[in-house]
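Engineer: I'd like to ask some things about the structure below.
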Amino acid sequence: MRFVPADIERLDRQKGGMWLWLAQRVSAVILLFGLLTHLIATHIFSIGELSYDNIAERLQSGFFITVDILLLASAVFHALNGARMVLLDYFFKDLARRRLLDWALFVFGVAAFAYGLWALWPWITT
Amino acid sequence: MWAWILFRISGLILVAYLFVHIVIISQGELSSADTLDRLFEMFENPFLAFLDFMLVAAVLYHGLNGVRVILMDLFGVSVRRHKALFWAVMAVAAGLLAWFAVVAAPHIFGGAG
């Protein structure tokens, strides 16, 4: 099959096109800094010493709770959008099924974000 | 091509890990301080510490290869010399992994309290 520019543009739009691509990059950069903070805090400074009190104390700080929420949101988005890109390369050629996949991923993502947020709630509200 | 295949595989592993991580940690935080502390004691298991090391390796590979992709996509850096850039970011990944290995080794091979 020979693609003309209009075909490529249409296919791109169905896959999300420029905005999802850009959002994947933006969330990647957030993850780089967020994960660095997250990993250094949990794996370097408190490896072997993690406890509820330890974490509760860290989450008291506005900086860490902000990083955690940003990290949660961008990780969930980046993960599901990345998985979607992989899936669309091999499956879901049919547009109706792709729409279904998109909705399923969206609902799953919102649920995962809400669940994580729920666990952080005591520190968000203090 | 191998960089791309590994990028996908590490990405998919991280997706799976992320949701397990969210559920387990949230579950722990939502139940009680004791439950969460018991969870952390369970994670002290050498095999889980080793898995943690593998996870850090996957994160470093995916993250730094991602840096390379962004540099090439967005800024057009080194498109002609992408192999050199690949090895440069891999050197950074190896360095960071070595640092983590030093920190994690006592938890894998014993010796940490």
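Engineer: Assuming R0 = 30 Å, can you tell me the calculated FRET efficiency for the pair A:H38 and B:E44, based on Cβ-Cβ distance, to the nearest 0.05?
Structural biologist: Here the calculated transfer efficiency is 0.95.
Engineer: Given only helices, namely DSSP H runs of n ≥ 4 each adding -39500 (n - 2.57), what is the per-residue ellipticity at 222 nm of chain B, to the nearest 500 deg cm²/dmol?
Structural biologist: Result for chain B: -30500 deg cm²/dmol, rounded to the nearest 500.
Engineer: Based on the Cβ-Cβ distance of A:V29 and B:A3, what FRET efficiency does E = 1/(1 + (r/R0)^6) give at R0 = 22 Å, to the nearest 0.05?
Structural biologist: Using R0 = 22 Å, I get an efficiency of 0.65.
Engineer: Would you please give the FRET efficiency between B:H21 and B:R81, computed as 1/(1 + (r/R0)^6) with r the Cβ-Cβ distance and R0 = 30 Å, to the nearest 0.05?
Structural biologist: 0.25
Engineer: Under the rule of at least 5 residues apart or a separate chain, name every residue whose amide H is placed under 5 Å from the amide H of B:V77.
Structural biologist: Hits under the 5 Å cutoff: B:M72.
Engineer: For the peptides B:69-75, A:29-35, what is the packing order when you average, over each peptide's residues, the other Cβ atoms within 10 Å and list the highest mean first?
Structural biologist: Top of the packing list down: A:29-35, B:69-75.
Engineer: Two decimals, Cα atoms only, Kirkwood Rh: what is Rg/Rh over chain B?
Structural biologist: Here the Rg-to-Rh quotient is 1.08.
Engineer: A further question on this structure: Which of the helices in chain B meet the span-like rule: DSSP H, Cα axial reach of 15 Å or more, Kyte-Doolittle mean at least -1.0?
Structural biologist: Those that pass (Cα extent of 15 Å or more, hydropathy at least -1.0) are B:2-31, B:46-75, B:82-109.
Any read-out appearing in this document is the output of simple, stated calculations on the displayed coordinates, not a laboratory observation. Just so it is clear, the model here is predicted, and its values are computed rather than measured. FYI the Cβ positions are ideal-geometry reconstructions off the backbone, even for glycines, and counts take in every protein chain you see.
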